[in-house]
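The values are calculated or read from the model by the stated rules, or taken from the named source; none is laboratory data. Predicted model, so just to flag it, every value in this text is computed and none were measured. Positions of Cβ are backbone-derived with ideal geometry, glycine not excepted, and every protein chain shown enters the neighbour counts. In case anyone asks, the SASA skips ligands and DNA or RNA and just uses the protein heavy atoms, side chains included. Shrake-Rupley method; radii C 1.70, N 1.55, O 1.52, S 1.80 Å.
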Amino acid sequence: KIQEQAAVALRNLSVNPQNELQIVQEGGLRPLVALLRSSNDKVQRQAAGAIANLTVNPKNKLKLVQAGGLAPLVTLLRSGSDKVKEHAAGAMRNLSMNPELEPDMLREGALPPLISLLSHPEMKIQLQSAVA
């Protein structure tokens with residue numbers, strides 16, 4: 001419950017563009033990446049949502065890759081709940097806007113689950129996957 005609340009707080013703060021860099025500079029990225037591996041769907045959802053928000057900022061994209069965030073995001077694209085998949089696909093969309101990260105994304109296996117999600121019944125998930 002504490003992890004979920006902390007992830008909610010970081011997600012709420014990450015909506016503000018002024019906070020995106022500060023959260024990462026203060027060391028918030030690695031704990032969020034660790035929470036992606038939680039067995040709790042609510043924790044995964046909040047962590048993935050926060051990471052999707054943080055990766056809007058171009059300076060945070062490479063830092064997420066360096067923090068080991070790609071592998072758990074790819075796992076969530078395959079096995080997360082619908083909301084978790086939506087946020088994970090949103091993070092992948094943001095990361096894919098940096099052409100330098102494309103090889104990392106392909107090496108981590110992001111392409112097959114993103115393609116698979118294009119036929120997901122939930123339109124929001126299709127949209128996030130299509131623009132990634």
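Once the dipole of the chain is set up with Lys and Arg at +1 and Asp and Glu at -1 on Cβ about the Cα centre, which of G28, G109, Q126 lies farthest towards its positive end?
G28
Roughly speaking, what is the stretch gain from Q18 to S81, that is 0.36 nm per residue apart minus the C-alpha to C-alpha distance, in nm to one decimal?
Values: separation 63, 0.36 × 63 = 22.68 nm, distance 2.96 nm.
Going from the current span to full extension adds 19.7 nm.
So what is the relative contact order of the chain, in percent, for Cα pairs below 8 Å that sit 6 or more residues apart?
On the way: 174 pairs, mean separation 28.8, N = 132.
It comes to 22 percent, rounded to a whole number.
Between R107 and I2, what FRET efficiency comes out of the Förster formula 1/(1 + (r/R0)^6) with R0 = 30 Å and r the beta carbon distance, rounded to 0.05?
Working: r = 34 Å, r/R0 = 1.14.
The formula returns an efficiency of 0.30 here.
With n ≥ 4 as the cut-off for DSSP H runs, can you work out [θ] at 222 nm for the chain, using -39500 (n - 2.57) per run divided by the number of residues, rounded to the nearest 500?
Working: 10 runs with 99 residues, N = 132.
Roughly -22000 deg cm²/dmol at 222 nm, from the helical runs in the chain.
Charges at C-beta only: +1 for Lys and Arg, -1 for Asp and Glu. How large is the resulting dipole of the chain about its Cα centre, in Debye rounded to 20?
So the magnitude is around 200 debye.
Can you run phi through the Karplus equation (6.51, -1.76, 1.60; θ = phi - 60°) for region 46-58 and list ³J(HN,Hα) in whole Hz, with x for Gly and Pro?
Computed from phi, the couplings for region 46-58 are 5, 5, 5, x, 5, 5, 4, 5, 5, 7, 5, 7, x Hz.
Mind listing the Cα extents of the chain along all three principal axes, in Å, largest one first?
36, 33, 22
Taking the dipole about the Cα centre of the chain, with the C-beta of Lys and Arg at +1 and of Asp and Glu at -1, give me whichever of N12, A67, N40 is farthest to the positive side.
Positive-end residue among those listed: N40.
Given labels modelled 7 Å from the Cα in the Cβ direction, how far is it in nm from L118 to L62?
About 3.0 nm, to one decimal.
Using the heavy atoms of the protein chains and a 1.4 angstrom probe, tell me the accessible area per residue for the chain in square angstrom. Mind dumping the intermediate values first?
Values: 6820 Å² over 132 residues.
Heavy-atom accessible area per residue stands at 52 Å².
Run the accessible area of the chain with a 1.4 Å probe and give the carbon-and-sulfur part as a rounded percent. Mind showing how you got there, number by number?
Numbers: 3740 of 6820 Å².
Carbon with sulfur: 55 percent of the solvent-accessible area.
If you keep only loop residues by DSSP, which trypsin sites (Lys or Arg not before Pro) in region 19-113 have at most 16 other Cβ atoms within 10 Å of their Cβ? Spell out each step's value before the answer.
Working: sites: R37, K42, R45, K59, K61, K63, R78, K83, K85, R93, R107; in loops: R37.
Answer by residue number: R37.
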